[in-house]
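Have a look at the structure below before the remarks.
Nothing in this text is a laboratory measurement; each read-out follows from the coordinates by a stated rule. Model, not experiment: these values are computed from the prediction. All Cβ positions, even for glycine, are placed from backbone atoms using ideal geometry, and neighbour counts span all protein chains on display.
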Amino acid sequence: MDPLTLALARWQFAITAIYHFFFVPLTLGLSILVAVMETYYVRTGEEKYKRMTQFWGKLFVINFVLGVVTGILQEFHFGMNWSEYSRFVGDVFGAPLAIEALLAFFLESTFLGVWIFGWDRISKRLHLLAIWLVAIASNLSALWILIANSFMQEPVGFVLRSGRAEMNNFLALATNPNVFTQFPHAVIAGLTTASFFVMGISAYHLLRRTHLEVFRPSMRIGLIAGMIATFLVAFTGHFQGIHLVETQPMKIAAANALWHTSQPAPLNLIAWVDQQEQTNRLALSLPALESFLAHNSFTARVEGIKELQQEMVAHYGPGYYIPPVAITFWSFRIMVGLGIWLLLLSFYAYYLYRKGRLEDKPAVLKAVLYSLPLPYVANTAGWAMTEVGRQPWIVYGLQRVEQALSPCVTSGQLLITLLGFTFLLGILVVLDVSLLTRFAKQGPKEAGTAKPEKEVSLWS
């Protein structure tokens, strides 16, 4: 296998997946928040909640439509660049992906259309039901995709026949233990993204003193959802890590750059990783904390990378089974570090809100505004750790990445399509950000003529 061809194929899938995942978390979380906002409108009948729902719903639709376009591209990768992977897992992957498309996505798209065109044409309660079905279907779509991804992380419900994985237990596939930790973490990460999206845009208008009747309650909803989501995303992430200790111990060891088995094991806060020498040139550690994170015990034993490499050679045969440690290590720290910041910021901002002092603290509002992109960075870092940390496996314990590549693709073809996809999908991301920014600054309908009560420099 040509190393350049393999590297280009991996980069192409990684870049297109990152582009697509730029849209996904906001879709998952904002669908729920828009449904909550419309529930307020139906229960109270207050016009401000209708305007609020329509405003955030418009931003949701923009993000959803552009996200669908980037998602379609992912399917073509399997057949074109990774045909050996498709041949190997096609009989397993087909069922959850088909259910996602035929059930969840069609349900989501259908009722989104009803919601968009149903204002003042159907009853309030039916219209509310439509957006709740959109929210449920959006997250069901994520569930089935993560069921498929969980097979790559922890293969279950299959038998090997003639060099292929064939599903023999659909229930086992659908109830993969990995799903019960991965799905809640991903969905709550989406809610975190949406919460800070709502909080950030609301902070912008509170700073400018525009459309206060809409953005004050929007901020309250965003703050409450943000506090809950940032706490739960840390909670579910902890239990996901404990599960990975049992199923993918090499990923956990790499995420901590722990080269040798230790009892108790320190948590490396910072490490200069030298993978070639299999050591850390420089490390700042906290004693015993990795033992607690991995096993809920400060005295537990945590296996190191070198010992795990020896175990995998004994189990799977000769080979190099260590993932890119530096990427896995730092992506985990970016995710956790940003998560801690978002957690503290949401709780502090809510404390000020409850005291009636948030709007008198422009520095805090600006911190909320400028933190809007951070959940996107944390989401990307989390997926980098999840996928890179599984290397060299594409299906853990069953198929290595180099075994999954299509035999007839060339580095030239991959380079051309890599550049093309990067450029075209980049345009969609720029378009999404531009449209969201434009309509976010414009504010809700029927309030476009409102003048700022106070001009505030966002950089002062």
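Pairs of alpha carbons in region 21-162 separated by more than 28 Å make up 30% of all such pairs. Its relative contact order, with pairs defined as Cα atoms under 8 Å and 6+ residues apart, puts the chain at 22 percent.
Report, to two decimal places, the Cα Rg of region 290-353 normalised by 2.2 N^0.38 Å (N = number of residues).
Working: Rg = 18.1 Å, N = 64, 2.2 N^0.38 = 10.7 Å.
Normalised Cα radius of gyration, region 290-353: 1.70.
For region 249-322, the Cα-based Rg and Dmax, in that order, read 12.3, 35 Å. Counting every other Cβ atom within 10 Å of each residue's Cβ, Glu47, Glu277, Glu38, Glu359 order from fewest to most as Glu277, Glu47, Glu359, Glu38. When Ser162, Ser406, Ser262, Ser195 are arranged by Cβ crowding within 10 Å, least crowded first, meaning fewest neighbours, the order is Ser162, Ser262, Ser406, Ser195.
In summary, the convex hull built on the alpha carbon positions of region 127-209 has an orientation-averaged projected area of 8.0 nm². Panel values: the chain, Kirkwood radius from alpha carbon pairs, Stokes-Einstein at 4 °C and 1.567 mPa s, translational diffusion coefficient 55 µm²/s. Ranked for footprinting exposure by Cβ neighbours inside 10 Å, fewest first, Lys124, Lys355 give Lys355, Lys124.
Taking Cα centre as origin and charging only the Cβ of basic (Lys, Arg, +1) and acidic (Asp, Glu, -1) residues, the dipole magnitude of region 249-322 rounds to 80 debye. Mean silhouette area of region 1-67, derived from the convex hull of its C-alpha atoms and averaged over all directions, reads 4.9 nm². Relative to the 2.2 N^0.38 Å rule of thumb, region 225-364 has a C-alpha radius of gyration ratio of 1.28. When the Cα atoms of region 345-391 are aligned to their principal axes, the ranges along those axes come out at 50, 17, 9 Å in descending order. Using the Cβ of Ile145 as centre and a radius below 14 Å, the other residues enclosed give a net charge of -4, where K and R count +1 and D and E count -1. A cut-off of 5 Å between modelled amide H atoms, ignoring neighbours fewer than 5 places along the same chain, links Ser285 with Leu269.
Between amide H atoms placed 1.01 Å from N, distances below 5 Å from Ile394 occur with Gln399, Arg400, Val401, all of them 5 or more places distant or on a separate chain.
When the chymotrypsin sites (Phe, Trp or Tyr not before Pro) in region 116-155 are filtered for DSSP coil states and for at most 14 other beta-carbon atoms within 10 Å of their beta-carbon, the remaining sites are Trp119. Applying the criteria of a DSSP loop state and at most 11 other Cβ atoms within 10 Å to the chymotrypsin sites (Phe, Trp or Tyr not before Pro) of region 291-358 yields Tyr320.
Work out which helices of the chain, taken as complete DSSP H runs, extend at least 27 Å along their axis over the Cα atoms and score a mean Kyte-Doolittle of 1.0 or more, then list them. Before the final figure, lay out each step's value.
Details: long enough: 3-44 (62 Å, 1.12); 47-80 (51 Å, 0.38); 124-153 (43 Å, 1.21); 179-208 (43 Å, 1.05); 212-247 (51 Å, 0.95); 325-354 (44 Å, 1.32); 411-442 (46 Å, 1.44).
Once both thresholds are applied, what remains is 3-44, 124-153, 179-208, 325-354, 411-442.
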